[in-house]
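Here the structure is laid out as C-alpha cells; the discussion comes afterwards.
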Amino acid sequence: MKTIGLIGGMSWESTALYYRHLNRRVAERLGGLHSARCIVHSLDFAEIAAMQRAGEWARAGEVLAGAARALEAAGAGVLGIATNTMHKVAGAVEAAVDVPLLHIADVAGAALRAAGIARTGLLGTRFTMEQDFYRERLARHGIETLVPDAEARAEVDRVIFGELCRGDILEASRARYRAIVDALAADGAQGVLLGCTEICMLIDAGDVALPLFDTTALHADALVEAAFA
C-alpha cells in the first residue's frame, strides 16, 4: 500500500472526516487492525481563506505546493488536496512534485457519469460555484453544471464559512440547503454534487429527493484505491 499524502486543514473539520473515511476503507479492505498509511500536512485555514478573499491564488498555490513537496519528501506515493476550492491551484501542486495528485473534480465527474448523471447541480463555496476551474473540469467528463442563483450562492457560502468550518450544524441551514437543492431540481438538475468537503456534515441522501454525490467520501475512496493500485 502506498502512503497517502493529504493536504488538509481547509477546514480541519472536513480533514477529520477524510482521515476517518480513509482508515475505515482500509480496515474494510484488509480487516483486523489495519489502517491507512497516511501523512496529513494540515495548513492554517485562516491564512488560506485570507488569500482566497484577496484573490491571491498564486500565493496560495505556492503554499500548497510547499505542502505537497513536504509530503513527497516524507514518503507519500499519492496526493490529495482535502478541499474542493483549493483545486483551483491544483496545477501548481502537480508541477511541484513527481507523485500523482488525485483531482477531486475528476473523481466527482467519474462518479456522476457512472450514475448516468449528465446535468448536475453544484453546491460549494462561492469560488467553486462562480469560477470556471471546477465546472470546466467536470465538462471534461461530459457533465453540465448548474449553480444556485446569486442569493442562494451567498447563503451556501455563508453557511460553509460561518458554520460548517466551525463545526456548527444548524437545522435552519439544513432546511435552507434543502430548498436550494429543490430549486436546482426544478431547473433540471438530475443530481447534486456536494462540492465542498464540509457540506456532507449538514445534508445527506435522506434530506432531499435528488441523488447527492459527496465529494469527501468519493475522494477518500479514490485515494484508497490509488494507494492499492
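Are any residues in region 1-56 closer than 19 Å to L164 by Cβ and either out of contact with any helix residue (DSSP H, G or I) (no Cβ under 8 Å at 6 or more places or on another chain) or aromatic (F, W, Y) (or both), and if so, which ones?
W12, T15, A16, Y18, Y19, R20, D44, F45, A46, A50, R53
Take A186 and decide whether it is closer than 26 Å to W12 by Cβ and either touching a Phe, Trp or Tyr at 6+ places or on another chain (Cβ under 8 Å) or free of Cβ contacts under 8 Å to residues at least 12 places away in the same chain (or both).
no
If we keep just the residues of region 126-177 that are assigned to a loop (DSSP other than H, G, I, E, B) and farther than 23 Å from A16 by Cα, which is most open to solvent (accessible area, probe 1.4 Å)?
Among those residues, the one meeting the criterion is R140.
Quick one: which of A16, A50, A27, A46 is among the hydrophobic types (A, V, I, L, M, F, W, C), open to solvent by 50 Å² or more (accessible area, probe 1.4 Å), in a helix (DSSP H, G or I) and modelled with pLDDT of 95 or more?
From the options A16, A50, A27, A46, the qualifying one is A46.
With the requirement that a residue be over 17 Å from C165 (Cα atoms), in a strand (DSSP E or B) and touching an Asp or Glu at 6+ places or on another chain (Cβ under 9 Å), what does region 201-219 give you?
L212
Test E198 against the criterion of being on the phi < 0 side of the Ramachandran plot, at pLDDT 95 or above, acidic (D, E) and open to solvent by 50 Å² or more (accessible area, probe 1.4 Å), and give yes or no.
When the stated conditions are applied, E198 does not pass them.
Does D187 meet the test of being farther than 22 Å from R53 by Cβ, modelled with pLDDT under 95 and more than 17 Å from the chain's Cα centre (by Cα)?
No, not satisfied.
What residue, among those in region 186-195 that are open to solvent by 40 Å² or more (accessible area, probe 1.4 Å) and touching a strand residue (DSSP E or B) at 6+ places or on another chain (Cβ under 8 Å), is nearest to L102 (Cα to Cα)?
Result: Q190.
In this structure, does D204 turn out to be over 25 Å from I7 (Cβ atoms) and either aromatic (F, W, Y) or open to solvent by 30 Å² or more (accessible area, probe 1.4 Å) (or both)?
Judged against the criteria, D204 is a match.
Tell me yes or no: at least one residue of region 31-38 is of a type in the set (A, V, I, L, M), farther than 30 Å from V159 by Cβ and in a helix (DSSP H, G or I).
Checking region 31-38: not a single residue is of a type in the set (A, V, I, L, M), farther than 30 Å from V159 by Cβ and in a helix (DSSP H, G or I).
Among (1) open to solvent by 10 Å² or more (accessible area, probe 1.4 Å); (2) in contact (Cβ under 8 Å) with a residue 40 or more places away in the chain, where does D106 come up short?
Result: D106 fails condition (2) only.
Name every residue in region 207-220 that is more than 16 Å from A185 (Cα to Cα), aliphatic (A, V, I, L, M) and either modelled with pLDDT under 95 or open to solvent by 40 Å² or more (accessible area, probe 1.4 Å) (or both), in order of residue number.
Of everything in region 207-220, just one residue is more than 16 Å from A185 (Cα to Cα), aliphatic (A, V, I, L, M) and either modelled with pLDDT under 95 or open to solvent by 40 Å² or more (accessible area, probe 1.4 Å) (or both), namely L218.
Give me the residue from region 112-125 that is open to solvent by less than 20 Å² (accessible area, probe 1.4 Å) and in contact with an Asp or Glu (Cβ under 9 Å, 6 or more places away or on another chain) and, out of that set, farthest from V208 (Cα to Cα).
Filtering first and then ranking leaves T125.
So if I check each of A96, A67, which one is touching a His at 6+ places or on another chain (Cβ under 9 Å), open to solvent by less than 40 Å² (accessible area, probe 1.4 Å) and over 30 Å from A185 (Cα atoms)?
One residue alone meets the criteria, A67.
The values are calculated or read from the model by the stated rules, or taken from the named source; none is laboratory data. Because the structure is a prediction, the values reported are computed rather than measured. Positions of Cβ are backbone-derived with ideal geometry, glycine not excepted, and every protein chain shown enters the neighbour counts. The area values use the complete protein model at the heavy-atom level, side chains included, leaving out ligands, DNA and RNA. Shrake-Rupley method; radii C 1.70, N 1.55, O 1.52, S 1.80 Å.
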